[in-house]
Each structure stands twice: as structure tokens, then as C-alpha cells.
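Okay, structure first, notes after.
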């Protein structure tokens, strides 16, 4: 998948009111996730490292014991096997996440 187009990619629901479009190579995966207002991504953990940037809107994000309100332009890093989750208030939110290694359940 050396080239891709967002408009031609189907969405995958990863949590209620949370839809993603993913693109991947051999060792990493890009997830463009849309969160509707009043959406919660429950606390979870995975073996992948995750780096993200909020592109639109805002999101309350917790990583381990830290909790922050992130807005457009804010970045975050989730280490491997650390509890984390998110929720939105009134805004539609778009986040770009990169996972390494590949997050197999996001390949479709």
C-alpha cells in the first residue's frame, strides 16, 4: 500500500461512535480515528507503542496516572502495555495515531 486515498477507504468501528481508517506498512500502522461528541474509548492496553496527534477538536486523554485535555496540534505518546483511554465532550475529534508494531486487529 505505497499510496492511498482517504476518500476511497472504508471505516472500521473500533468502539461505539469511534470510526477509523487505517493504512499500514511492514512495521507500523496509521489510524485516522474520528470520535463523535460524547464518545468514550474505555481504558485499555496493548503491546504496541502509540504516537498520536489531535488534528481537529479536543479529547480528554489519560495515560497511566496522567490525564490531559488535548486540542488540535497536541501530541501524545503511549508506551507499550500502559493503561490509557479517552473521551470527548461536545466536539467532533479527529486523531492520527501511529502504532508499532502493526496492530493486527486494525488491518482490514
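Just grab the label-to-label distance for residue 72 and residue 9, each label 7 Å out from Cα along the Cβ direction, in nm (one decimal).
2.0
With the Cα gyration tensor of the chain giving a ≥ b ≥ c as the square roots of its eigenvalues, does the rule (a/c under 1.5 for rounded; else a/b larger than b/c for prolate; else oblate) give rounded, prolate or oblate?
oblate
In nm, what is the difference between 0.36 nm times the number of residues separating residue 40 and residue 62 and their Cα-Cα distance?
In short, 6.8 nm is gained.
Tell me the relative contact order for the stretch 23-106 as a rounded percent, counting alpha carbon contacts under 8 Å between residues six or more apart.
47
Pop a pseudo-label 7 angstrom from the Cα along the beta-carbon direction at both residue 94 and residue 107 and give the gap in nm to one decimal.
About 2.7 nm separates the two model spin labels.
Bear in mind that the values in this text are calculations on the coordinates, not laboratory data. What you are looking at is a predicted structure, and each value in this text was computed from that prediction instead of being measured. Note that each Cβ is placed from the backbone with ideal geometry, even for glycine, and that neighbours are counted across all protein chains shown.
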